[in-house]
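Novice: Take a look at the following structure, please.
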Amino acid sequence: FIFDGRNRRPPRDGVNALLSFVYSILGKDISGALQGVGLDPQVGFLHADRPGRDSLAQDILEEFRAWWADRMVLSLINRGQIKPQDFVTEASGAVSLKADAVGAPFARGFGGISAVFDEIGYVNADYL
């Protein structure tokens with residue numbers, strides 16, 4: 001794998017595609033958890049409010065990026081659970097996961113926000 005820094009919209013390499021994928025899933029889980037406890041996930045503090053963006057969920061996601069989501073991506077790559085052949089490059093230069101590789105993070109134990117809370121032992125996330 002080659003990683004020359006973060007790029008997105010669209011990701012231009014496999015590492016960035018995998019980071020974007022994991023961030024989007026975790027962000028949606030956080031959004032659902034916020035809604036589940038009666039908070040509006042679209043009213044954030046760090047990320048600007050705009051239609052369709054769950055700004056508060058993105059704010060909270062920042063706390064989990066490096067130590068959990070990035071670590072997940074590195075583990076998938078280092079353990080060989082994701083390989084360069086698991087990505088497809090579009091004519092536009094955008095890189096994405098192939099359909100048959102999308103399950104790799106889940107096979108590795110990606111349980112979303114519930115798994116994060118269980119790992120840190122901070123909250124009983126059974127209600128999520």
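Novice: If a residue must be more than 16 Å from Ile25 (Cβ to Cβ) and touching a residue at least 40 places away in the same chain (Cβ under 8 Å), how many such residues does region 76-85 contain?
Specialist: Residues flagged as more than 16 Å from Ile25 (Cβ to Cβ) and touching a residue at least 40 places away in the same chain (Cβ under 8 Å) within region 76-85 amount to 2.
Novice: For the structure I just gave you, tell me whether Val15 is touching a Ser or Thr at 6+ places or on another chain (Cβ under 8 Å) and either outside any helix (DSSP H, G or I) or buried (at least 19 other Cβ atoms within 10 Å of the Cβ) (or both).
Specialist: Here the answer is no, as Val15 does not meet what is asked.
Okay, residues lined up against (1) farther than 12 Å from Leu18 by Cα; (2) part of a helix (DSSP H, G or I); (3) touching a helix residue (DSSP H, G or I) at 6+ places or on another chain (Cβ under 8 Å):
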residue: Ile60; (1), (2), (3): yes, yes, yes
residue: Trp68; (1), (2), (3): yes, yes, yes
residue: Met72; (1), (2), (3): no, yes, yes
residue: Leu76; (1), (2), (3): no, yes, yes
residue: Gly80; (1), (2), (3): yes, no, no
residue: Ser92; (1), (2), (3): yes, no, no
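Novice: Which pairs do you get when a residue that is touching a residue at least 60 places away in the same chain (Cβ under 8 Å) and among the charged types (D, E, K, R), found in region 29-51, comes within reach of a residue that is open to solvent by less than 80 Å² (accessible area, probe 1.4 Å) and in a helix (DSSP H, G or I), reach meaning Cβ atoms under 6 angstrom, with the pair 6+ apart or on two chains?
Specialist: Final answer for the pair search is Asp29/Ile113.
Novice: Looking only at region 8-22, which residues are modelled with pLDDT under 90 and over 15 Å from Asp70 (Cβ atoms)? Walk me through how you get there before you give the answer.
Specialist: Of region 8-22, the ones modelled with pLDDT under 90 are 8-9, 21-22.
Correct list: Arg9 only.
Novice: Here's a follow-up. Since Gln42 meets every condition but one in (1) in a loop (DSSP other than H, G, I, E, B); (2) of a type outside the set (Gly, Ala, Ser); (3) surrounded by fewer than 16 Cβ atoms within 10 Å (Cβ to Cβ), which condition does it not meet?
Specialist: In the conditions (1) in a loop (DSSP other than H, G, I, E, B); (2) of a type outside the set (Gly, Ala, Ser); (3) surrounded by fewer than 16 Cβ atoms within 10 Å (Cβ to Cβ), Gln42 misses (3) alone.
Novice: Within region 54-77, does at least one residue satisfy the condition of being over 13 Å from the mean Cα position of the chain (by Cα), open to solvent by 40 Å² or more (accessible area, probe 1.4 Å) and aromatic (Phe, Trp, Tyr)?
Specialist: no
The values are calculated or read from the model by the stated rules, or taken from the named source; none is laboratory data. Keep in mind that what you see is a predicted model, and the values were worked out from it rather than measured. Here the Cβ is made from the backbone with ideal geometry for all residues, glycine too, and neighbour counts use every protein chain on show. When the accessible area is computed, the model is the full protein with side chains, heavy atoms only, and any ligands, DNA or RNA have been set aside. Shrake-Rupley method; radii C 1.70, N 1.55, O 1.52, S 1.80 Å.
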